[in-house]
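Some notes on the structure that comes next.
The values are calculated or read from the model by the stated rules, or taken from the named source; none is laboratory data. Since we're looking at a predicted model, the values are computed, not measured. Cβ coordinates were reconstructed from backbone atoms using ideal geometry, including for glycine residues, and neighbour counts include every protein chain displayed.
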Amino acid sequence: MLKRFKIPFIVIITLFVIFWVGSSIFNYFTHNVIPEIIITGIEREGFYSGVIQGNIKSNNSYKIAQVRAFLDGEEINLDCPRQIGNKKFNIPFKIDTNNLLNGLHILEIEAIDSSYNQNKSNDKLEFFVDNIPLKATFLQQEYRVDQGHTVHLRIQANKKIADVNARFLEKIYSCYPESENSKLYECFIPIDCEQNADEYILTVELFDKVKNNIKLTGKIIVNAVNFPRQKGFKIAKGKLEEEKEISMSNKILEDALEKWIQDSSRKKLWRGKFEIPIELQRVATPFGEIRTTSEKGRYLHKAVDILNHPKSVVWASQDGKIIIKDRFLLTGNTVAIDHGVGVITLYCHLEDFADIEVGDFVKKGNPIGRLGMTGYANGYHLHWELRVNNVSVDPFEWTKKVF
Ligand SMILES: [Zn+2]
């Protein structure tokens, strides 16, 4: 029995060796897969300062013969033998960015396997050096602003910044470049008309693309405004009941606005002043007027009510995107336009809508509807509201000043 097994065992070993040698030779001549190299410690289009500690890693299906690295076309020394002869390896490398100019650089990694075909990979990676010390300053450090007005905060930096945030009264406002390649960053801070008149600290923190940061401290002084008191606002008895039948609750509108503020374009969609959306015959209720009604109690009217002929055309006050076009219990037929960076205008009590749809981009002066008295209204008027990060501010300030 044993004798019978001895011969086949040798045969198996021999066959195995022949097969192994054969397949190795076959592989050597036929392997035509480009080597797979992984570069870590440095990212495509990344920004770097100081010393970059990188690593070239391979887990290739064929032995790698040689790895070479080039920085801006010039070979750099790698800490590895000339002939590698392995499928798996780690080759660390260092790039001292202090010896490089600020700006774009190209790292190239070339790997050649040891097969007959000498398959070659070439990975190109663009990265940026930023060894410029970060500098930034307020264009204006102290702001004096009325209740219900808007602070236009502007910060000049010496280079493009990754993240600029302003903090005011527990809220954080993201600042964006004034235009595409600008190093001037801005944001709009609304001062609620019910915010107490006082001095407040404003802080701004900037982080550049290599994580240097600067903190600036400024001041916002809120001036008191003597808002007028409204007398005798009454609405016809059955009107709200009728509206309830055909309208959505204003909670739905508020929730939608809250969501839209988060999604507001990061780019300013407007240029120049805002326009009053209808010819101004008379202001029925100014911004901030203190109103007491049986339905809503005491509240401040955080918009302007403009009178004109019934069914006159209402125009978009600035360029932007239609985000709401619907009927709500209090605001009636309502259109909201997003002007970017958290600035939204609302047009309420419309008789009907112009030929617009949610998602449409409109220009300043495009018709959006006609003057009406739908919703919680006791006569034909336009309730025009401007919200900055969902806080209603005086829209007339935006028609007099360029933000
Ligand atoms: Zn109103």
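Points to keep in mind about this one:
- Considering residues of region 261-292 that are surrounded by 15 or more Cβ atoms within 10 Å (Cβ to Cβ) and part of a strand (DSSP E or B) only, the residue nearest to the ligand (Cβ to nearest atom): T285
- K251 in a loop (DSSP other than H, G, I, E, B), surrounded by fewer than 12 Cβ atoms within 10 Å (Cβ to Cβ) and not β-branched (V, I, T): no
- Residue among K231, K209, K124 that is under 30 Å from D96 (Cβ atoms) and without any contact (Cβ under 8 Å) to a residue 24 or more places away in the chain: K124
- Considering region 145-211, the qualifying strands (runs of 3 or more DSSP E), each wholly inside and each with 2 or more residues that are farther than 21 Å from K267 by Cα and modelled with pLDDT of 95 or more, run over 199-207.
- Looking only at region 220-266, residues that are in contact with a Ser or Thr (Cβ under 7 Å, 6 or more places away or on another chain), over 30 Å from D198 (Cα atoms) and among the polar types (S, T, N, Q) come to 1 in all.
- For Q147, the conditions (1) surrounded by 13 or more Cβ atoms within 10 Å (Cβ to Cβ); (2) under 27 Å from the mean Cα position of the chain (by Cα) are fulfilled apart from (2).
- Residues that are within 11 Å of the ligand (Cβ to nearest atom) and in contact with a helix residue (DSSP H, G or I) (Cβ under 8 Å, 6 or more places away or on another chain) were ranked within region 349-376; the one that is nearest to G320 (Cα to Cα) is G375.
- Long-range neighbours under 6 Å by Cβ, at least six apart or interchain, first residue under 19 Å from L382 (Cβ atoms) within region 282-302, second within 11 Å of the ligand (Cβ to nearest atom) and in a loop (DSSP other than H, G, I, E, B): A284/H381; E289/Q230; R291/Q230; R291/F233
- Consider region 103-129 and keep the residues that are part of a loop (DSSP other than H, G, I, E, B) and surrounded by 14 or more Cβ atoms within 10 Å (Cβ to Cβ). The one that is nearest to the chain's Cα centre (by Cα) is N119.
- Within region 294-322, the residues that satisfy the criterion of being β-branched (V, I, T) and either closer than 12 Å to I276 by Cβ or at pLDDT below 95 (or both) are V304, I306, V314.
- In region 152-172, the residues that are surrounded by fewer than 22 Cβ atoms within 10 Å (Cβ to Cβ) and under 13 Å from L202 (Cβ atoms): H152, R154, N165, R167, F168, L169, E170, K171, I172
- No other residue among S58, S23 is in a strand (DSSP E or B), small (G, A, S) and either touching a Pro at 6+ places or on another chain (Cβ under 9 Å) or without any contact (Cβ under 8 Å) to a residue 60 or more places away in the chain (or both) apart from S58.
Residues checked against (1) aliphatic (A, V, I, L, M); (2) not assigned by TED's automatic domain parsing to the domain that holds N119:
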{"residue": "I12", "(1), (2)": "yes, yes"}
{"residue": "F16", "(1), (2)": "no, yes"}
{"residue": "V21", "(1), (2)": "yes, yes"}
{"residue": "I25", "(1), (2)": "yes, yes"}
{"residue": "E36", "(1), (2)": "no, no"}
{"residue": "G41", "(1), (2)": "no, no"}
{"residue": "E45", "(1), (2)": "no, no"}
{"residue": "Y48", "(1), (2)": "no, no"}
{"residue": "Q53", "(1), (2)": "no, no"}
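- Criterion violated by V341 - all others in (1) surrounded by 21 or more Cβ atoms within 10 Å (Cβ to Cβ); (2) within 15 Å of G375 (Cβ to Cβ); (3) under 31 Å from the mean Cα position of the chain (by Cα) satisfied: (2)
- Hits in region 296-311 - residues which are hydrophobic (A, V, I, L, M, F, W, C), crowded, with 20+ Cβ neighbours inside 10 Å and outside any loop (DSSP other than H, G, I, E, B): V304, I306
- Residue match in region 68-87 (condition: surrounded by 10 or more Cβ atoms within 10 Å (Cβ to Cβ), assigned to a loop (DSSP other than H, G, I, E, B), modelled with pLDDT of 95 or more and out of contact with any Cys (no Cβ under 7 Å at 6 or more places or on another chain)): yes
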